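A short worksheet on the structure shown next.
The values are calculated or read from the model by the stated rules, or taken from the named source; none is laboratory data. What you are looking at is a predicted structure, and each value in this text was computed from that prediction instead of being measured. Positions of Cβ are generated from backbone atoms using ideal geometry, with glycine treated the same way; all protein chains shown enter the neighbour counts.
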Amino acid sequence: MKVPDYIASYKSHLAKLIVEHGREEAMQLIVGGEYDQIGKLERSALIDLGLERYHSLVDIGCGSGRLPFALRDYLEGPFVGTDILEDALDYASDKCDRPDWRFMPTFQSSIPLGDATADFVTFFSVFTHLLDEDIFRFLLEAKRVAKPSGKIVFSFLDFECDRHWHIFEATVADQNPLRVINKFISHGAIRRWARALDLKVEVIYDGSAPWVNLDEPFNYTDGRRAEGVVEFGQSVAVLRKCGLNE
Ligand SMILES: C[S@@+](CC[C@H](N)C(=O)[O-])C[C@H]1O[C@@H](n2cnc3c(N)ncnc32)[C@H](O)[C@@H]1O
């Protein structure tokens, strides 16, 4: 079996979006659309999970900057965003206008940071597109760069979440060999990876369970109002590196 070429499939996906929609809209669509809305949702989720203004955050697969753009007036600490799409990183850097933040291309499952430097390592809608072994490689790297007690947060497509099943069915029906892959994960796999890496599973939130306390209400483009405590949509796992005295 041939290993998927993430870079080629994502680059061709972005190129097609630019031709069809123009660069500005393509940069919103490449991360899944709802740029401002999902950015606010991701920001609120991280603040709920303990992200402080002074913390250091590394966002893997940040794309065109949906999360960092939403965090630009909150996070005062260091930020590093990585992605395989250099064009999307350029867009993110311009849009965030935070010269102190870094946007860095990565081409392997590696994180370009020193050991024990990040309070939070995040992967939003990234493990949704990677093979198990690449997810595990990233978790190994995330553990390396996380500070003691640092958190690793990732969203995922969940076999246990009924609301995600239609995505699995659509993926089964899609015969395009160049499609961007949709990867489903089971809770058992997350627990196994955490055990192998000596990471604590703090919590796994089901995609349909309300848990994110929005710090700012918003409307989705279809008119749905999001306010108060809302579901995330994708399931979210929070892993924690052991503290110094654990
Ligand atoms: C659905 S988008 C989500 C972007 C962003 N995390 C967000 O929530 O707005 C997935 C992103 O992951 C990036 N990506 C895919 N495979 C990757 C890899 N192996 N390493 C780093 N980024 C990757 C894609 O280029 C894309 O920007």
Requested in this report: For the range 149-156, indicate whether the set of residues that are surrounded by fewer than 13 Cβ atoms within 10 Å (Cβ to Cβ) and within 13 Å of the ligand (Cβ to nearest atom) is non-empty.
Outcome: no
Requested in this report: Within the range 1-22, track down each residue that is free of Cβ contacts under 8 Å to residues at least 12 places away in the same chain, of a type in the set (Lys, Arg) and within 15 Å of the ligand (Cβ to nearest atom).
Outcome: Lys16
Query raised in the report: Restricting attention to the range 196-210, and to residues there that are assigned to a strand (DSSP E or B) and charged (D, E, K, R), which single residue is farthest from Glu141 (Cα to Cα)?
Result: Glu202
Report task. Those residues that are within 14 Å of the ligand (Cβ to nearest atom) and surrounded by fewer than 19 Cβ atoms within 10 Å (Cβ to Cβ), I need them from the range 157-169; list them, please. Result -> Ile167
Query raised in the report: Only one of (1) hydroxyl-bearing (Ser, Thr, Tyr); (2) in a loop (DSSP other than H, G, I, E, B); (3) farther than 25 Å from Val238 by Cα fails for Ser93. Which number is that?
Result: (2)
Report summary line: Result of the Cβ filter at 6 Å on the range 126-139, keeping first residues that are in contact (Cβ under 8 Å) with a residue 12 or more places away in the chain and partners that are in a loop (DSSP other than H, G, I, E, B) and near the ligand (Cβ under 9 Å from one of its atoms), at least 6 apart or interchain, is Val126/Gly61; His129/Val180; Asp134/Ser109; Arg137/Ser109; Phe138/Ser109
Query - Positions within the range 88-104 being surrounded by 13 or more Cβ atoms within 10 Å (Cβ to Cβ) and either at pLDDT below 95 or farther than 10 Å from Gly63 by Cα (or both), in sequence order - result: Ser93, Lys95, Cys96, Arg98, Trp101, Arg102, Met104
Query - Residue that is farthest from Val238 (Cα to Cα), among those in the range 23-46 that are aliphatic (A, V, I, L, M) and touching a strand residue (DSSP E or B) at 6+ places or on another chain (Cβ under 8 Å) - result: Leu41
Query raised in the report: Which one is farthest from the ligand (Cβ to nearest atom), of the residues in the range 106-148 that are polar (S, T, N, Q) and not in a strand (DSSP E or B)?
Result: Thr117
Report summary line: Of those in the range 30-62 that are among the small types (Gly, Ala, Ser) and closer than 21 Å to Lys151 by Cβ, the residue farthest from the ligand (Cβ to nearest atom) is Gly50
Query - So Gly65, is it of a type outside the set (Lys, Arg), under 15 Å from Ile30 (Cβ atoms) and in contact with a His (Cβ under 9 Å, 6 or more places away or on another chain) - result: no
Query raised in the report: Would you say Phe232 is among the hydrophobic types (A, V, I, L, M, F, W, C) and within 18 Å of the chain's Cα centre (by Cα)?
Result: yes
Query raised in the report: Do the conditions hold for Leu75, that is, is it more than 12 Å from the ligand (Cβ to nearest atom), more than 16 Å from Lys147 (Cα to Cα) and not in a helix (DSSP H, G or I)?
Result: yes
**Report entry** Total residues in the range 210-228, condition at pLDDT 95 or above, of a type outside the set (Gly, Ala, Ser) and within 18 Å of Leu49 (Cβ to Cβ)
**Finding:** 5
Query - Among the residues listed as Val230, Val172, the single one being at negative phi, β-branched (Val, Ile, Thr) and surrounded by fewer than 16 Cβ atoms within 10 Å (Cβ to Cβ) - result: Val172
Report task. For Gln37, indicate whether it is in contact (Cβ under 8 Å) with a residue 60 or more places away in the chain and of a type in the set (S, T, N, Q). Result -> yes
